[in-house]
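The structure appears right after this line, and notes come after that.
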Amino acid sequence: MAPKPAILAVDDDAPVLRAVERDLRARYGDDYRLLPAGSGADALELVRELTRRGDAVALFLVDQRMPVMTGIELLREALPLQPDAKRVLLTAYADTDVAIRAINEIRLDQYLLKPWDPPEERLYPVVDDLLADWSATFRPAFEGLRLLVGRWAPRGHEIRDFLTRNQVPYSWLDPVEDEGRRVADSLDEPVDAAEPVVIFPDGQVLRSPSLRDIADGVGLSTSAALPFYDLVIVGAGPAGLAAAVYGASEGLKTLLVEREAPGGQAGTTSRIENYLGFPSGLTGADLARRALAQARRLGAEILSSQEAASIRRADPYRTVVLDDGSELSCQSIVIATGVSYRTLDVPGAAALAGAGVYYGAATTEALLYREAEVGVIGSGNSAGQAAVHLARFATRVHLLVRGDGIDASMSSYLAEQIRALDNVELHTGVSTRELRGSTHLESASFDGTAGVLELPLSAVFVFIGQQPRTAWLDGVVERDERGFILTGPQVSSRNGGRDAALLESSMPGVFAAGDVRHRSIKRIASAVGEGAMAVSLIHEYLASL
């Protein structure tokens, strides 16, 4: 529940402060927090803290004659942090001229002469009227995590993508804009728009945090609860989530390790319309959320923001070594790390990554490109889904493909949707030549059969090539020339002479499922099927020990 708006009473005379607090609390204590301060400096620090937390001040009731910092000086400092608060000055008769000048200088709402007895006649009518005006326009602030970072900061994109895909509610504020500037001014140190600042609901502030720092702060589990597991799954895409659901449901002590966010590439998909059992379609985020909730309900444990670094064999056990040096002991492993999109190797691509050049992430950044012109590079389903989603926001979406069309590489329902959208333009036979911009992407050029194509793009979303996330398995399991894991009949003869099971790698007890596996079918339904099948094969493996 959101905290009540605050009324801030400030006076350096302790008996007077107690009296004003008493009178205000008696009348307004049910609806407002009464916060007293004995000096301007204390009050200003309190205002900074409230602003950091995203809490609202409804009314300042401030004594004018305070040493070091007068009431007007305090209001001049505090109002940029709480510009909507009503402001009342407590004055002596001799301060009347000062109060009148303050009406113009700091938009003072009212001044009251001390003493204000009886409050029913001299205090409450004024405050009632001001609080009624304030309440009429008050909109409660967002209560969750706030991210303070410039629009074009690459690390800002990284954190927004992490929070979005982990379904953590957050508010993004640019420190150069009004609300963001107020929050930035409330912090103890200046804010650099290029370096992210994360503010948690309890007021905790992290500057340039790692994703693991943020995961810890929002309550995601980043360390294992048990010393040993029957099954450790690396990767929480559709295959990994399915393995977690089936492993936990069949009584295996199951741990799922994910480096970024549940759902993998599928989790970034704006609309999946060909998944069995969902005739109206569903988003990748919905699929990931449902599967994760199901796995947890059945007893699977989830580790977030942890990346596997290696696997060590010590028969009959296996150990997954994480990148922070911690280790997970288990009897079996499912590798479901999926694939990542290849990066562009053209001028400007590296410098503008995260500042208009994005690999995937269309659902995260789409809102930022309302009324803009954007490009989608790629011809697969992910590219098609991104183009359809972006078309809801951008004035024009350019779909740029190397081949002579999209029918051979994209599901027909997607190709038909794209052709029906007036603001999606298909460019065939083109390849990226150069990306240009100073602080962010401003334009791009492409080589085509008709010459160079110049486009005024504010963003490009890249969905080209797929490379497996298996570099960490070099020398651990057999892989093909592209890095995909060999399984079953594809692996060479093994110790003990036992043939590898259908999804088993060259290391006994280590299985691969989904896109990371050699010659797998790159579809969500097949990845889910492989994740479930891997658990059945693991039962057979464990029975043979």
Looking at region 182-202, is at least one residue in contact with a Pro (Cβ under 7 Å, 6 or more places away or on another chain) and basic (Lys, Arg)?
yes
Any pair with Cβ under 6 angstrom, 6 or more apart, that starts in region 363-389 at a residue that is within 15 Å of Gly465 (Cβ to Cβ) and ends at one that is surrounded by fewer than 24 Cβ atoms within 10 Å (Cβ to Cβ) and of a type in the set (S, T, N, Q):
Ser379/Ser409; Gly380/Ser409; Asn381/Ser411
Across region 198-214, the tally of residues that are open to solvent by less than 40 Å² (accessible area, probe 1.4 Å) and either aromatic (Phe, Trp, Tyr) or under 15 Å from Asp161 (Cα atoms) (or both) stands at 5
Taking Asp42 as the residue in question, decide whether it is under 30 Å from Phe142 (Cβ atoms), surrounded by fewer than 19 Cβ atoms within 10 Å (Cβ to Cβ), out of contact with any helix residue (DSSP H, G or I) (no Cβ under 6 Å at 6 or more places or on another chain) and modelled with pLDDT of 95 or more.
yes
Within region 152-202, how many residues are within 22 Å of Ala285 (Cα to Cα) and among the aromatic types (Phe, Trp, Tyr)?
3
Within region 501-514, restricting attention to residues that are closer than 14 Å to Val334 by Cβ and of a type in the set (Gly, Ala, Ser), which residue is surrounded by the fewest Cβ atoms within 10 Å (Cβ to Cβ)?
Ala501
Residue match in region 452-463 (condition: over 34 Å from the mean Cα position of the chain (by Cα), more than 19 Å from Val376 (Cα to Cα) and part of a strand (DSSP E or B))
no
Filter region 455-491 down to the residues that are surrounded by 16 or more Cβ atoms within 10 Å (Cβ to Cβ) and under 30 Å from Ala372 (Cα atoms) and list them by number.
Leu455, Leu457, Ser458, Ala459, Val460, Phe461, Val462, Phe463, Ile464, Gln466
Which numbered condition Glu179 misses (of (1) in contact (Cβ under 8 Å) with a residue 60 or more places away in the chain; (2) outside any loop (DSSP other than H, G, I, E, B); (3) touching a Leu at 6+ places or on another chain (Cβ under 9 Å)):
(1)
Is it the case, given these coordinates, that Ala500 is in a loop (DSSP other than H, G, I, E, B) and in contact with a helix residue (DSSP H, G or I) (Cβ under 6 Å, 6 or more places away or on another chain)?
yes
Looking at region 515-540, which of its residues are under 15 Å from Ala501 (Cβ atoms) and either crowded, with 24+ Cβ neighbours inside 10 Å or aliphatic (A, V, I, L, M) (or both)?
Arg517, Glu530, Gly531, Ala532, Met533, Ala534, Val535, Leu537, Ile538
How do the strands (runs of 3 or more DSSP E) wholly within region 373-450 filter down when requiring 2 or more residues that are at negative phi and hydroxyl-bearing (Ser, Thr, Tyr): which remain?
430-436, 443-448
With Ala394, Ala349 as the choices, which residue is hydrophobic (A, V, I, L, M, F, W, C), touching a strand residue (DSSP E or B) at 6+ places or on another chain (Cβ under 6 Å), modelled with pLDDT of 95 or more and surrounded by fewer than 22 Cβ atoms within 10 Å (Cβ to Cβ)?
Ala349
Within region 266-309, tally of residues that are open to solvent by 40 Å² or more (accessible area, probe 1.4 Å), touching a residue at least 12 places away in the same chain (Cβ under 8 Å) and not in a helix (DSSP H, G or I):
9
When you scan region 443-454, how many residues do you find that are in contact with a Gly (Cβ under 8 Å, 6 or more places away or on another chain), at pLDDT 95 or above and surrounded by fewer than 18 Cβ atoms within 10 Å (Cβ to Cβ)?
1
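The values are calculated or read from the model by the stated rules, or taken from the named source; none is laboratory data. Since the model is a prediction, treat every value here as computed from it, not as a measurement. Note: ideal-geometry Cβ built from the backbone for every residue, glycine included; neighbour counts use all protein chains shown. To get the accessible areas, we keep the full protein, side chains included, count just its heavy atoms, and leave off ligands, DNA and RNA. Shrake-Rupley method; radii C 1.70, N 1.55, O 1.52, S 1.80 Å.
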